[in-house]
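The values are calculated or read from the model by the stated rules, or taken from the named source; none is laboratory data. Computed from a prediction, not measured in an experiment: that's the story for all the values here. Heads up, the Cβs are rebuilt from the backbone with ideal geometry, glycines too, and the neighbour counts pull from every protein chain shown.
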Amino acid sequence: MPYGHIKRLEPQLGFGWLVDDTGLDWFFVRDGVRERKLDRLWIDERVGFAYEWTPKGPRASDIHFEQLD
């Protein structure tokens, strides 16, 4: 499972970006955060995530707080 940190949040629009430990940026949407708790994330927070391939490109999913692993 990859890990990274939250880079940018747009909670009012329901999406954000994270950077994995290798430096790659990943887009995510509210539905990709466990329990849809986008409002509980903050910039630089360390998270674990899965990823999926969509027609618009790669996307982070199943984003969760690292300590919950």
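Observations, loosely collected:
- Pairs, first within 15 Å of PRO11 (Cα to Cα) in region 32-51, second among the hydroxyl-bearing types (Ser, Thr, Tyr), C-beta under 6 Å, six or more apart: GLY32/SER61
- Within region 42-69, tally of residues that are exposed (fewer than 13 other Cβ atoms within 10 Å of the Cβ), part of a strand (DSSP E or B) and charged (D, E, K, R): 1
- Among the residues listed as PHE49, PHE27, the single one being touching a Gly at 6+ places or on another chain (Cβ under 9 Å), farther than 15 Å from TYR3 by Cβ and at pLDDT 95 or above: PHE27
- Selection of region 1-10 for residues being in a loop (DSSP other than H, G, I, E, B) and surrounded by 13 or more Cβ atoms within 10 Å (Cβ to Cβ) yields only PRO2.
- The one condition from (1) in a strand (DSSP E or B); (2) exposed (fewer than 15 other Cβ atoms within 10 Å of the Cβ) that ASP39 does not meet is (1).
- Test result for GLU35, more than 15 Å from MET1 (Cα to Cα) and more than 10 Å from the chain's Cα centre (by Cα): yes
- Checking each residue in region 11-23 for being without any contact (Cβ under 8 Å) to a residue 12 or more places away in the chain and either surrounded by 13 or more Cβ atoms within 10 Å (Cβ to Cβ) or within 12 Å of the chain's Cα centre (by Cα) (or both) picks out only TRP17.
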